[in-house]
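Here's the structure we're looking at; comments come further down.
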Amino acid sequence: MAEKKLGAYICKGCGIGERLNTDQLANVATREGKMSFVKQHDFLCNSDGVAMIQADIDAGTVNHLVIAACSRRAKTDAFNFADVAISRANLREGIIWVRPATAEAQETTQEMAEDYIRMGCAEVKFINLPAASNEQSLVRHVLVVGGGFTGLTAALEIAKAGYQATIVEKSASLGGVAAQLHKRIPNCSPFAESQSNGIAELIAQVQGNNNITLHLNSTVTQTSGAPGRFEVKITQESGSTITANFGSIIQASGFKPYDATQLLEFAVGKSPDVVDQLGLEALARQANGGKIKRPSDGKAVQSVLFVQCAGQRSNKPGHLPYCSGHCCLTSVKQAMYFKDSDPNIDAMVVYTELRMPGAGGEDFYRSGQNKGITFTKGVVSEVIPNSGSLTVKFNDLILNEAVKQEFDLVVLATGMVPNSGVNIEEVVAAPEEDKTEAKTATAAPVETKLAAESILNLDYRQGPDIPQLVHGFTDSHFICFPYETRRTGIYAAGPVRRPMDMNQAAEDAAGAALKAIQALENAALGRAAHPRVGDLSFPQFRKEGCTQCKRCTVECPFGAINEDEKRYPLFNEARCRRCGTCMGACPVRVISFENYSVDTVGQAIKAVDMPDEFSEKPRILLLACENDAYPALDMAGMTRQEYSAFVRIIPVRCLGSVNTIWISDALNSGYDGIILMGCQKGDNYQCHFVKGSEIAHYRMSKIDDTLKQLKLETERVKTYEIAITDIQRVPQLINEMANTIAKIGMSPFKF
Amino acid sequence: MSQLNATKVEKYRNHFLREVEANVEEGHWVKMCMQCGVCSGSCPLGPYWEHPPQEIFMMIRAGKREEVLKSSSMWFCTSCYNCIARCPRELPITHIMHGLAHYAKRLGLAPQNQATPKFAQYFWDNLYNGGGRVNELKLGLSLYFMNGLVEGIKTALKMRKIGQGMYFSKRMNPFEIFGGHSCKDSQGLKAALNKAREIEEAKAAQFKG
Ligand code: SF4
Ligand code: SF4
Ligand code: SF4
Ligand code: SF4
């Protein structure tokens, strides 16, 4: 865009006109904010107000606007003008709704509004209009890694939506674990009977679909590029390799059954009549509706015991600490195999907690009870094989007694272990530590860690697979952002991201398919994927200033930054989610976005009018994450909660984008307190950029040194984890800071 | 009836459950209990029971025939219906309690010294032998003397005032002691009751050991 033409629009509606002196605000905007013109309007968001702004834009009198009205989250439809830069000064939610309408409060409230005008004017001058780079192209082809139930369903969903899909399956056949099942848990009302696994039909559909390409006996040996331009090497067992381009990728690499031979107390391996759930599926397939025979001597099973949570939900070494989510339903289904073949067979399920997830779970349980399956709460301690039967010892937790009982067959409900590939965090950490020692000596332990085979073989600086969260599952948010991973354009679906049954896996497949399609379409237009969907800005980087410190490459939560031959960071626009964590990381501040930069925020911070030390008017800077904290603040306004008039709030893309220069500049220019509000971090993170909040908290833990250097109290800077529901808490935290300052006194750095 | 009780019941097998399903009123519901414990928590008598309802249901499924049928628990049920109103699985718990008590009594397993089964027996005898109608005077007196002559006289003396009051307000006729009146076809009723018992016993006999 050529020349920046600045103009401000001040709304007097929603009570702003009554509460604030808007003529004075207009004065501030022209004199201090250097706006070439300021217009006031009684209802800026109505069609007349919007038309007024549009007319100015069309006439070419303005292309950089400050709209001083409601929160940037409100009236986004009305104030949606193409090809101009906009800054919104939040006079409504941020001021008049959180300040009392009293005469005493008037002065400080007006000052608050004037500062927001100054900040808006400062910001808009440093915004440039983002435009898509030329990195992009449209590749309507999705790679699906894994030809199990999830992968097949995903490919079919993609094909049905009119896109191409390619399935890469490591084994010689499709269907994965689901194909080994005799029957599956019902997926439709009345949820009373197990049903056909449907795999043969699914495979037939996939094979008959022209939009789906199949590669059996094949693995992905290299993935490079970015969404919209992934280049993938697919290698056959024989060694022959083809290279293909994809717009996005779905990883449906599934799970392995837990290795039950570790469960010595249950006589696994000692008696063939102790099987895991997959083992029972095999027996049921053999029987095919007839009587299930036990493996040891082929006798028809008359009594069977299902042991729930075998080696699961336990903190013993070698056990899985989590619940695999399907096994209770599966045991009910399997007990039904017996009851359906002969109601006189005794089938018993021993559980500690029975979990029946899904819409029809409880109905299925009831149906099982109705068929006469015996359920009891208990803990099985031992299975002892003896001639002709198995003696099982368990504690009945309802009747509170130790029981010894004979069974023909014991089925262990063991868990799911995800096929997530290489845990890159372990691998990346290992060689760094070993650096000082001779490489050969340390090769061995590193090798064992690499024992897991990579699934994607990503040619990313950050490692060959998707980062994991806990228990080896790929990091994909359980509730808020399912399927999303920390590698843009690569989506996880099925048990690789959390344990699940086929019903859930089908939903996962559909969800991931839609995400993958969205990603490749967005990539083609140079737009960001979740959560800043549609954002055209991407990190710009001034190479001359870069010191090659690599903080950006390491801290980027999405592995978006590679390294070029000269070891400079190499940004991949389409892999970037626009969180700004790299911008926050860079110590020499050479990274910025067109519309969000060290300057847009830094200048707004500096624009605030700073009363002197003796004014008793402290200034508190609040940098609030736009995803959760800022909406919570807006809602505090909507619910008319009062907070200090001394706070000045600036939304940030992610707390990770906060560059410490903003903090030190703010302290140096006389701010008395600084609050940072980001999302919850850690294993139960709510951070929309996964690691941003965590990184920011870490950075801020180091800020104490800066404060000490300046001889300032450490209480002046606080970092919080805020949820969008913390509507009562956010005003409290602001007021707390105001109280702290009242106690410890004003900052001496006022000029 | 004793041979019925020789039934061999294996633990955690369906034998006893099937027996309950066949012979106990609403017994087919027992398998549907999900052991949430709401009934036990809701029962006003729960704390005094040896085995609250939820536990009884588990014991049935665990094949604890003797313990269940000999238990005094079901006899405590006051038919308050709290449990039925609250059971998330909609089990007719109260009815099952009475069904179990009744079945235990028929098998001769019900506890001997507990007041409720005793009372039930007096009530039944009074009705069965008294021509199809309950003779309240006789029933009352038989309860007074339930624990021996001395106890009976003591109780009678204690209740004298109430007895007089009932007499003067024509609530009680002392001449009922000499037989009282019966229903129209008392012999027919007896025959019907005998036949019913025969059918029930034949059903129960299937579960002989
Ligand atoms: S840190 Fe965020 S903004 Fe920077 S490259 Fe990575 S995803 Fe993009
Ligand atoms: S953080 Fe800044 S200085 Fe460091 S490598 Fe990245 S761009 Fe260069
Ligand atoms: S309330 Fe119903 S389901 Fe719960 S324990 Fe009692 S009988 Fe069973
Ligand atoms: S009906 Fe009987 S079992 Fe149910 S709560 Fe009342 S007393 Fe207890």
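The values are calculated or read from the model by the stated rules, or taken from the named source; none is laboratory data. Values in this document were obtained by computation on a predicted structure and should not be read as measured data. Neighbour counts are summed over all protein chains in view; Cβ atoms, including those assigned to glycine, are modelled from backbone coordinates with ideal geometry. Please note that ligands, DNA and RNA were not included when accessible areas were found on the heavy atoms of the full protein model with its side chains. Shrake-Rupley method; radii C 1.70, N 1.55, O 1.52, S 1.80 Å.
Observations on the model:
- In percent, rounded to a whole number, the relative contact order of region A:1-114 is 30, using alpha-carbon pairs under 8 Å and six or more apart.
- Most positive-pole-ward Cα, A:T109, A:N27, A:V124, against dipole of region A:1-129 from beta carbon charges: A:V124
- For A:365-376, mean number of other protein chain Cβ atoms within 10 Å: 4
- Lysines whose Cα lies under 27 Å from that of B:K170, excluding same-chain neighbours fewer than 8 positions away: B:K138, B:K154, B:K158, B:K161, B:K184
- With 40 Å² as the minimum drop in accessible area between chain alone and full protein complex (1.4 Å probe), the qualifying residues in region B:13-55 are B:R13, B:N14, B:R18, B:K31, B:M32.
- Rolling a 1.4 angstrom probe over chain A with all protein chains present gives an accessible area of which 50% lies on carbon and sulfur atoms.
- By the Stokes-Einstein formula, at 0.692 mPa s and 37 °C, chain A with its Kirkwood radius over alpha-carbon pairs has D equal to 112 µm²/s.
- Subtracting the Cα-Cα distance of A:K743 and A:A359 from their residue separation scaled by 0.36 nm leaves 132.7 nm.
- Calculated [θ] (222 nm, deg cm²/dmol) that DSSP helices of n ≥ 4 give over chain A, each run adding -39,500 (n - 2.57): -9000 deg cm²/dmol
- Region B:115-196, accessible area per residue, ligands and nucleic acids excluded (1.4 Å, Å²): 74
- For the segment A:354-363, counting C-beta atoms of other chains within 10 Å of every residue's C-beta and taking the mean gives 1.
- Projecting the Cα positions of A:V275, A:G360, A:A159 onto the charge dipole of chain A (unit charges on Cβ atoms of Lys, Arg, Asp and Glu, taken about the Cα centre) puts A:A159 furthest along the positive direction.
- Over region B:6-113, relative contact order from alpha-carbon pairs under 8 Å, at least 6 apart, %: 33
- Each of A:S224 and A:A82 was given a label point 7 Å from its Cα along the Cα-to-Cβ line. The distance between the two points is 3.8 nm.
- Tail beyond 19 Å, pair distance distribution of region A:566-630 (Cα, percent): 50
- Taking the Cα centre of region B:115-196 as reference, the dipole from Cβ charges on Lys and Arg (+1) and Asp and Glu (-1) amounts to some 200 debye.
- Here A:N370 and B:M146 are evaluated by their C-beta separation; at R0 = 56 Å the FRET efficiency comes out at 0.80.
- Taken about its Cα centre, region A:1-129 carries a charge dipole of roughly 240 debye when the Cβ of each Lys and Arg holds +1 and the Cβ of each Asp and Glu holds -1.
- Percent accessible area from carbon and sulfur atoms, region B:38-188, protein chains only, probe 1.4 Å: 59
- Chain A - percent relative contact order, Cα under 8 Å, separation 6 or more: 13
- All aspartates and glutamates inside 14 Å of A:K170 as judged from Cα atoms, apart from same-chain residues fewer than 8 positions distant: A:E237, A:E453
- Among the trypsin sites (Lys or Arg not before Pro) in region A:695-747, those placed in a DSSP loop whose Cβ has at most 13 other Cβ atoms within 10 Å are A:K702, A:K711.
- Residue (of B:G46, B:F16, B:I96) at the positive-pole extreme of region B:6-113, dipole from beta-carbon charges: B:F16
- Taking a ≥ b ≥ c as the square roots of the eigenvalues of the Cα gyration tensor, region A:1-129 is prolate, since a/c reaches 1.5 or more and a/b is larger than b/c.
- Protection-proxy order for peptides A:500-507, B:18-25, each taking the mean of Cβ atoms within 10 Å per residue, highest first: A:500-507, B:18-25
- Backbone HN-Hα couplings from phi across region A:706-716 [Karplus 6.51/-1.76/1.60, Hz, Gly and Pro as x]: 4, 4, 5, 4, 7, 6, 10, 6, 5, 5, 6
- Extension gain for A:R285 to A:I724 (0.36 nm times residue separation, less C-alpha to C-alpha distance): 153.0 nm.
- Compactness of region A:12-85 was expressed as the Cα radius of gyration divided by 2.2 N^0.38 Å, which yields 1.08.
- Nearest-20 debye value, region A:231-299 charge dipole, Cβ charges on Lys, Arg, Asp, Glu: 320
- Those residues of region A:383-397 whose amide nitrogen sits under 14 Å from the label point placed on B:E10, 7 Å along Cα→Cβ: A:388-392
- Accessible surface buried at the A:B interface totals approximately 1900 Å², computed with a 1.4 Å probe on protein heavy atoms.
- Prolate/oblate/rounded call for region B:115-196, Cα gyration tensor, a/c under 1.5 rounded: oblate
- A:A132/A:D609 FRET efficiency (R0 45 Å; Cβ-Cβ; nearest 0.05): 0.75
- Cross-link partners of A:K606 among aspartates and glutamates (Cα-Cα below 12 Å; sequence separation of 8 or more within a chain): A:D115, A:E123, A:D665
- At full extension, A:C188 and A:L710 could sit 181.3 nm farther apart than now, given 0.36 nm per residue minus the alpha carbon distance.
- Inter-label distance for A:R640 and B:N173, nm, one decimal - labels placed 7 Å from Cα along Cα-to-Cβ: 7.8
- Theoretical FRET efficiency, 1/(1+(r/R0)^6), r = Cβ-Cβ of B:F119 and A:Q195, R0 45 Å, to 0.05: 0.25
- Only helices reaching 27 angstrom along their own axis (Cα) with mean Kyte-Doolittle hydropathy no lower than 0.0 count here, and for the DSSP H runs of chain A these are A:502-524.
- Relative packing of peptides B:173-180, A:5-12, A:264-271 - highest average C-beta neighbours within 10 Å first: A:5-12, A:264-271, B:173-180
- With a 10 Å cut-off around each Cβ of A:398-407, the average count of Cβ atoms from other chains is 3.
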